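For reference, the structure is listed below as structure tokens.
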Amino acid sequence: MEKDTMARRLIPREYKSDIKPIWCPGCGDFAVLNAITKALAFLELPREQAALITGIGCSSRIAAYTNLYGFHGLHGRALALAAGLKAARKELTVLVAGGDGDGLSIGGNHFIHACRRNMDLTYVMMDNEVYGMTKGQASPTTAADWSQSKLTPQGSGIRPLQPASLALTAGATFIARGFTGDPNGLAKILVEAIRHPGFAFVQALSPCPTFRPEQMEWKRQVRGFELEPTSDLSAAARRIQTDDGMSTGIIFRSDYPVFQPGSGTTDDVAAGIAAIESELRV
Ligand code: SF4
Ligand code: MG
């Protein structure tokens, strides 16, 4: 990759690759791509100093649509790969992205341990409360009574997970919720998430018009930037538990020590590979 260091400031579009996204028209994930590239441009981050690691799913295609270093990984394993990369290359800004199904179902265990490990990673979960790529099944964040899937015509009957609540319980040190209908607000959150030294979790409410057309109403339901960050665990827990999931902003931020194995020497490449292998055995 040609080096951006010492070069002129890039505009958001210059963080995008030439590959045209194949997301459906109106998919919220377009706005996440825009918000990420806006945040990177604002931070004046050279492209060769950042990497975007993803899992599997519609949203995980995002790695190919940027021209950062990237890895479109295995289902649910993006955080494991990112932890290994960060262990080996601590100077890189490592972003991780994926969907609610990828991150909370098969990747749920990795999510919990990434939160408590508190490595300096930024994780964007594009939450549309559905498995989009596999044609619309209930995901871990789908409401129990959602009955539009052929697999669960009477609803799944299973309570949804609350991603922010899980992140808080597991020890994430930065938790925020953004909305793709407010890409500038989402970009601002991402700037703060990337700046945060530690594990930053950003839930991006990202409608799937194809399988959840009713989510197009979110633009009337989501409330912009109501949340102010607190470092008080109990206050954050109360806020998340009493919230309807439709408010946006930074919910929680604390300065718990960052975990960074090794010191960036060649030994750490081996440590990084060992970390990936250990994670993949979980
Ligand atoms: Fe987006 Fe849904 Fe289409 Fe997937 S199926 S690209 S999540 S609108
Ligand atoms: Mg999804």
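Here, each number is a calculation from the coordinates, and none is a lab measurement. Treat the numbers as computed from the prediction; the structure is a model and nothing was measured. Cβ sites come from the backbone with ideal geometry, for glycine too, and all protein chains shown count toward neighbours.
The table below lists the values:
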{"quantity": "Cross-link reach list, lysines versus residue 86, counting only Cα pairs under 21 Å and skipping chain neighbours closer than eight places", "calculated": "3"}
{"quantity": "Region 82-148 shape via C-alpha gyration tensor axes, a/c threshold 1.5", "calculated": "prolate"}
{"quantity": "Relative contact order [Cα under 8 Å, 6+ residues apart], the chain, whole percent", "calculated": "20"}
{"quantity": "Highest-MSF residue in the chain out of 166, 52, 186 [GNM, Cα springs under 10 Å]", "calculated": "166"}
{"quantity": "Positive minus negative residues near residue 205 (Lys, Arg vs Asp, Glu; Cβ under 12 Å)", "calculated": "-3"}
{"quantity": "Residue-count net charge about residue 66 - beta-carbon cut-off 9 Å; Lys, Arg +1, Asp, Glu -1", "calculated": "+2"}
{"quantity": "Ascending count of other beta-carbon atoms within 10 Å, so fewest first, for 214, 14", "calculated": "214, 14"}
{"quantity": "Likely footprinting exposure, 199, 259, 30, 252, fewest C-beta neighbours within 10 Å first", "calculated": "259, 30, 252, 199"}
{"quantity": "For region 24-257, with +1 on Lys and Arg beta carbons and -1 on Asp and Glu, the positive-most of 211, 63, 197 along the dipole", "calculated": "63"}
{"quantity": "Ellipticity estimate at 222 nm from DSSP helix runs (n ≥ 4, -39,500 (n - 2.57)) divided over the chain, nearest 500", "calculated": "-9000 deg cm²/dmol"}
{"quantity": "Region 24-257 pair-distance distribution - Cα-Cα, 10 Å bins, rounded %", "calculated": "8, 36, 40, 14, 1"}
{"quantity": "Among 187, 236, 160 the positive-end extreme of the charge dipole of the chain (Cβ point charges)", "calculated": "187"}
{"quantity": "Net charge of neighbours whose Cβ lies under 12 Å from the Cβ of residue 102, counting Lys and Arg as +1 and Asp and Glu as -1", "calculated": "0"}
{"quantity": "Cβ-based charge dipole, the chain, positive-most Cα from 254, 119, 40", "calculated": "40"}
{"quantity": "In region 147-255, the trypsin sites (Lys or Arg not before Pro) that fall in loop regions by DSSP, at most 12 other Cβ within 10 Å", "calculated": "150"}
{"quantity": "Total charge dipole magnitude, region 2-56, about the Cα centre, Cβ charges on Lys, Arg, Asp, Glu only, Debye to nearest 20", "calculated": "140"}
{"quantity": "Rg/Rg_ref, region 1-153, where Rg_ref = 2.2 N^0.38 Å and atoms are Cα", "calculated": "1.08"}
{"quantity": "112, 194, 53 arranged by Cβ crowding within 10 Å, fewest neighbours leading", "calculated": "112, 194, 53"}
{"quantity": "Dipole in debye (nearest 20) - the chain, about Cα centre, beta carbon charges: Lys, Arg +1; Asp, Glu -1", "calculated": "280"}
{"quantity": "Relative contact order (%) - criterion: Cα under 8 Å, at least six apart; region: region 84-161", "calculated": "25"}
